[in-house]
Amino acid sequence: MPVPWKQIITWAPQLITLSRELLARSRATKAGASLAPSPDPADMATRVAALEENERRQAELVDRMAEQIAQLSGAVTALHRRQRWLIGAIVLLAGALLWLLLRH
């Protein structure tokens, strides 16, 4: 199985954009949030909703990354099999060539 470079390249911009967006949100939240809890229940509900949304987006990111890792590990396994087969073929061909050379 060949390495799915097309898919990797296709997903890379989305991952970069999403990770930068999460980082920017995290920095904005840290800069704008005070350490003391807000007494306003509406503000707390908004903050909880923002945290839940952030958690959902992070879960999506982790899911995408897990899919990519699974595909990459499958590709590496297939490449390893091909490498072993090619090494065996090279050894066999070298042996046959040596036999032919020594025969004459």
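Residue-by-condition table, conditions (1) closer than 30 Å to residue 26 by Cβ; (2) under 13 Å from the mean Cα position of the chain (by Cα):
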residue: 48; (1), (2): yes, no
residue: 57; (1), (2): yes, no
residue: 66; (1), (2): yes, yes
residue: 73; (1), (2): yes, yes
residue: 78; (1), (2): no, no
residue: 81; (1), (2): no, no
residue: 86; (1), (2): no, no
residue: 94; (1), (2): no, no
residue: 101; (1), (2): no, no
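Residues being in contact with a helix residue (DSSP H, G or I) (Cβ under 8 Å, 6 or more places away or on another chain), closer than 30 Å to residue 18 by Cα and without any contact (Cβ under 8 Å) to a residue 12 or more places away in the chain are entirely absent from region 61-79. Evaluating residue 38 against the criteria (1) at pLDDT below 75; (2) in a helix (DSSP H, G or I); (3) surrounded by 11 or more Cβ atoms within 10 Å (Cβ to Cβ); (4) more than 26 Å from the chain's Cα centre (by Cα) leaves one unmet condition, (2).
The values are calculated or read from the model by the stated rules, or taken from the named source; none is laboratory data. Computed from a predicted model, the values in this text were never measured in an experiment. Cβ atoms come from the backbone with ideal geometry, glycine included; neighbour counts cover every protein chain shown.
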